[in-house]
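The values are calculated or read from the model by the stated rules, or taken from the named source; none is laboratory data. All of these numbers come straight from a predicted model, not from anything done at the bench. Using ideal geometry, Cβ is built from the backbone for each residue, glycine included, and neighbour counts are taken over all protein chains shown.
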Amino acid sequence: MSTTAVTQEGPAAVAPAPTVGTHVRDYWRRVRGGDIGALPAVAGLLVLCTIFSIMRPSFLTAGNFANLFTQGAAVTLIAMGLVFVLLLGEIDLSAGFASGVCAAVLANVVTVLGYPWYVAVLAAVFTGLVIGTALGFLVAKVGIPSFVVTLAGFLAFQGVVLLLMEEGRNISVRDPVLVAIANRNLPTALGWALAGFAVAGFAAVQLLRYRKRAARGLINDPLAVVLGRIGVLALVLGLAVYVLNLERSRNVLITSLKGVPIVVPIIAVLLVVWTFVLKRTSYGRHIYAVGGNKEAARRAGINVDRIRISVFVICSTMAAIGGIVAASRANSVDPNTGGSNVLLYAVGAAVIGGTSLFGGKGRVLDAVLGGAVVAVIDNGMGLMGYSSGVKYVVTGVVLLLAASVDALSRRRASATGNR
Amino acid sequence: MSATPLLELRGIDKSFGPVQVLRNVALSAYPGEVTALVGDNGAGKSTLVKCISGIHPTDAGEFVFDGQPVTINSPRDAAALGIEVVYQDLALCDNLDIVQNMFLGREKRNGIVLDEPTMEQMAAETLAGLSVRTVKSLRQHVSSLSGGQRQTVAIAKAVLWNSKLVILDEPTAALGVAQTAQVLELVRRLADNGLAVVLISHNMNDVFAVSDRIAALYLGQMVAQVRTTDITHAQVVELITAGRSGGLGLAADTGANGNGAAPSDSTTGGVS
């Protein structure tokens, strides 16, 4: 199996440079060894999309494609924050209603008090920060298990939303900027420009890294693989932007409806920022370290408590952003915003994407891929006319499936000494 | 060689509440030599190591490092002096690769961005300097390594920082025969590279295989510190279990440290 050299002697290693063949074989060996990453999510996405397109042709329309993004956005954003908490092997069950509280604050500030939209957004995000700090403090400094702290939060925040809504009143959000977040689209040209910018940026980062490593004589991924990654990203983005830029209005005479939903670049920017934080900064490295072996991290001089508090802050802040998007999409906030299935969908999204519930393994991209799976299930089953009862059962089963894949691949990984 | 010790402890006392764990302990570690610290369970070996590494403050006594009196109040102070400890339960993260583990908590950065190429290069150089050739890729996760390889990574992590004194807490306790030999060879190489090494071990074979000096603790007291060539296997066991052996140990009552250090330098010259 291993065609790479058994020894490596210093920086000027004469190990044979990996070729595309060995790269693919290495990848396959990792998958077989239990390191399956986002493979189930991608495979599941393809299977689900195929099934739904055959059963309901309306699934495969530009209009529905755009719907998927706006429907899944809030859950995906919350899931992105949850990844950080899950990386430490903790859980945040209050993230759903935390997003509800933040949305309620947003609606109160902008509609009831009449402040401009940016004040409301700041207030909502600040509320998320405070919630996260409180949760993190209780978990890290007081030492209550995160399950209990956030379960208490789940109940209490549900009550806070009710109080902020004055016992069940529904507050509408009419501010044009806030409504635009989840309901308006980018101009078609801007969509193409952003996609081109993203691909160019990704290519620059990848090629620069390739050159830097090559200059130092370090082992590199084969150039073909690097170019392949750039090509796949360009293809996916190009296709998505093309479809989203198609006219999807039922009657063009009344209104024109085309372009990338505004929420898409918001998710994309947050994805890039958080991925950068996790993979390229020492703070991110320390999160993985604490998730992998808390004692080792402590002995390496890492302030474990600070890391634990910070992930809850990130999670609740992302929940706040998710709450803002949810409020924008519904044009209002009601006592059930962030309630019912939001939290489990978000946890499910992170786990389906390949983030481990046992800590130490996961990426922000997982949340986006898993969020897409959840959105497709929800959307497709809605189109097929199933009741929400069936939808809940199916989503629950999918979450269980994802968690079993996680547990089984972990067992396989420890059996093969891989991970 | 090595007339002056790199680290010299004198009169170290340490109590946990009413329990006095260390009494008037003296210990010297010399550059280029492996000092084996032996003693039965509860003799105070781990406590002594934690005092040296700054985890526990001492109640009394003095530290002399490189000829200068120093105080060590925290692990950071110890690290600043160049003291590194490799713990028994391997402080490595399974989900990180070798380079990430070696630089954990002390990552090299360019601004806020991690400088991966530099770290990978330094890790490769360190491993090459220790003649480690058993690791396939520096980017493989630590979870895929064997026990001996993990211990190697942990030791390489300790020497990465131009450390002067490396303390190894039972580095071979969980290893098989071949891997033990591998790690002991590495321990010997550390000393040959000029570092002072303190090796804690229960295994007499290991101790006699690599150490230049043996320091025996008995119930919190340093009963002897002698050259390995001046003592037999049986004598060490007696020191560990009874605290005395012939002229050595408690009965002699001449101060633990004086026993071995002075005459041994004349009798045995270069060990390495």
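Using the structure shown, decide if B:L145 is among the aliphatic types (A, V, I, L, M), within 9 Å of chain A (Cβ to nearest Cβ) and farther than 30 Å from B:D77 by Cα. Before the answer, list the steps.
Numbers: among the aliphatic types (A, V, I, L, M): yes; within 9 Å of chain A (Cβ to nearest Cβ): yes; farther than 30 Å from B:D77 by Cα: yes.
In short, yes.
If the requirement is being within 29 Å of B:A123 (Cα to Cα) and in a strand (DSSP E or B), which of these qualifies: B:V38, B:V21, B:V85, B:V99? Show your work before the answer.
Numbers: B:V38 fails: within 29 Å of B:A123 (Cα to Cα); B:V21 fails: within 29 Å of B:A123 (Cα to Cα); B:V99 fails: in a strand (DSSP E or B).
Being within 29 Å of B:A123 (Cα to Cα) and in a strand (DSSP E or B) holds for just one of B:V38, B:V21, B:V85, B:V99, which is B:V85.
Take A:A193 and decide whether it is over 23 Å from the mean Cα position of the chain (by Cα), closer than 30 Å to A:G259 by Cα, hydrophobic (A, V, I, L, M, F, W, C) and loosely packed, with under 15 Cβ neighbours inside 10 Å. Before the answer, list the steps.
On the way: over 23 Å from the mean Cα position of the chain (by Cα): yes; closer than 30 Å to A:G259 by Cα: yes; hydrophobic (A, V, I, L, M, F, W, C): yes; loosely packed, with under 15 Cβ neighbours inside 10 Å: yes.
Against the criterion (over 23 Å from the mean Cα position of the chain (by Cα), closer than 30 Å to A:G259 by Cα, hydrophobic (A, V, I, L, M, F, W, C) and loosely packed, with under 15 Cβ neighbours inside 10 Å), A:A193 qualifies.
Give the residue, chosen from A:G348, A:G370, A:G362, A:G354, that is closer than 30 Å to A:M55 by Cα, within 14 Å of chain B (Cβ to nearest Cβ) and under 15 Å from the mean Cα position of the chain (by Cα).
Values: A:G348 fails: within 14 Å of chain B (Cβ to nearest Cβ); A:G370 fails: within 14 Å of chain B (Cβ to nearest Cβ); A:G362 fails: closer than 30 Å to A:M55 by Cα.
Only one candidate passes the filter, namely A:G354.
Got a number for residues in segment B:115-133 being part of a helix (DSSP H, G or I) and at the interface with another protein chain (Cβ under 7 Å from one of its Cβ atoms)? I'd like the intermediate steps shown before the answer.
Residues of segment B:115-133 that are part of a helix (DSSP H, G or I), as a first pass: B:116-129.
Then drop every residue that is not at the interface with another protein chain (Cβ under 7 Å from one of its Cβ atoms), which leaves B:117, B:120-121, B:124-125, B:128.
Residues that pass the stated criteria total 6.
So is B:V166 more than 30 Å from A:N220 (Cβ to Cβ) and away from every other protein chain (no Cβ under 14 Å) or not?
On the way: more than 30 Å from A:N220 (Cβ to Cβ): yes; away from every other protein chain (no Cβ under 14 Å): yes.
It is true that B:V166 is more than 30 Å from A:N220 (Cβ to Cβ) and away from every other protein chain (no Cβ under 14 Å).
State which residue is modelled with the lowest pLDDT when the search covers only segment B:139-173 and only residues that are among the polar types (S, T, N, Q) and within 17 Å of the chain's Cα centre (by Cα).
Our first condition is that a residue be among the polar types (S, T, N, Q); within segment B:139-173, this holds for B:140, B:143-144, B:146, B:149, B:151-152, B:162-163, B:172.
Filter again for within 17 Å of the chain's Cα centre (by Cα), leaving B:151-152, B:162-163, B:172.
Details: B:Q151: 84, B:T152: 85, B:N162: 77, B:S163: 85, B:T172: 83.
By that ranking, first place goes to B:N162.
Would you be able to tell me the number of residues in segment B:174-215 that are under 14 Å from the mean Cα position of the chain (by Cα) and either without any contact (Cβ under 8 Å) to a residue 12 or more places away in the chain or crowded, with 16+ Cβ neighbours inside 10 Å (or both)?
Counting residues in segment B:174-215 that are under 14 Å from the mean Cα position of the chain (by Cα) and either without any contact (Cβ under 8 Å) to a residue 12 or more places away in the chain or crowded, with 16+ Cβ neighbours inside 10 Å (or both) gives 23.
Working only within segment A:275-293, note down all residues that are facing chain B (nearest Cβ under 8 Å) and within 17 Å of B:S143 (Cβ to Cβ).
A:R285, A:Y288, A:A289, A:G291, A:G292, A:N293
Hey, which of the helices (runs of 4 or more DSSP H) in segment A:138-242, taking only ones fully inside, have at least 2 residues that are of a type in the set (K, R)?
Details: elements: A:146-164, A:176-183, A:188-215.
Once the helices (runs of 4 or more DSSP H) in segment A:138-242 are filtered for at least 2 residues that are of a type in the set (K, R), what remains is A:188-215.
Anything in segment B:102-114 that is surrounded by 24 or more Cβ atoms within 10 Å (Cβ to Cβ) and not in a helix (DSSP H, G or I)? List them, or say none.
Restricting attention to segment B:102-114, the residues satisfying the condition of being surrounded by 24 or more Cβ atoms within 10 Å (Cβ to Cβ) are B:102-104.
Of everything in segment B:102-114, those that are surrounded by 24 or more Cβ atoms within 10 Å (Cβ to Cβ) and not in a helix (DSSP H, G or I) turn out to be B:F103, B:L104.
Taking into account only those residues within segment A:26-53 that are among the hydrophobic types (A, V, I, L, M, F, W, C) and in a loop (DSSP other than H, G, I, E, B), which is farthest from A:A350 (Cα to Cα)? Step through it out loud before you land on a result.
Let us first name the residues in segment A:26-53 that are among the hydrophobic types (A, V, I, L, M, F, W, C), namely A:28, A:31, A:36, A:38-39, A:41-43, A:45-49, A:51-52.
Within this subset, residues satisfying the condition of being in a loop (DSSP other than H, G, I, E, B) are A:36, A:38.
Values: A:I36: 14, A:A38: 10 Å.
The residue in question is A:I36.
Determine the pairs where a residue that is away from chain B (no Cβ under 14 Å), located within segment A:300-327, has a partner that is of a type outside the set (V, I, T) and outside any helix (DSSP H, G or I) with Cβ atoms under 7 Å apart, the partner being 6 or more residues away or on another chain.
If the second residue must be of a type outside the set (V, I, T) and outside any helix (DSSP H, G or I), the pairs left are A:R308/A:L88; A:V311/A:L88; A:F312/A:D92; A:C315/A:D92; A:G323/A:G338; A:A326/A:G338.
Among the candidates B:V132, B:V198, B:V166, single out the residue that is touching a helix residue (DSSP H, G or I) at 6+ places or on another chain (Cβ under 7 Å) and within 26 Å of B:K14 (Cα to Cα). Give the derivation first.
Working: B:V132 fails: within 26 Å of B:K14 (Cα to Cα); B:V198 fails: touching a helix residue (DSSP H, G or I) at 6+ places or on another chain (Cβ under 7 Å).
Just a single option satisfies the conditions, and that option is B:V166.
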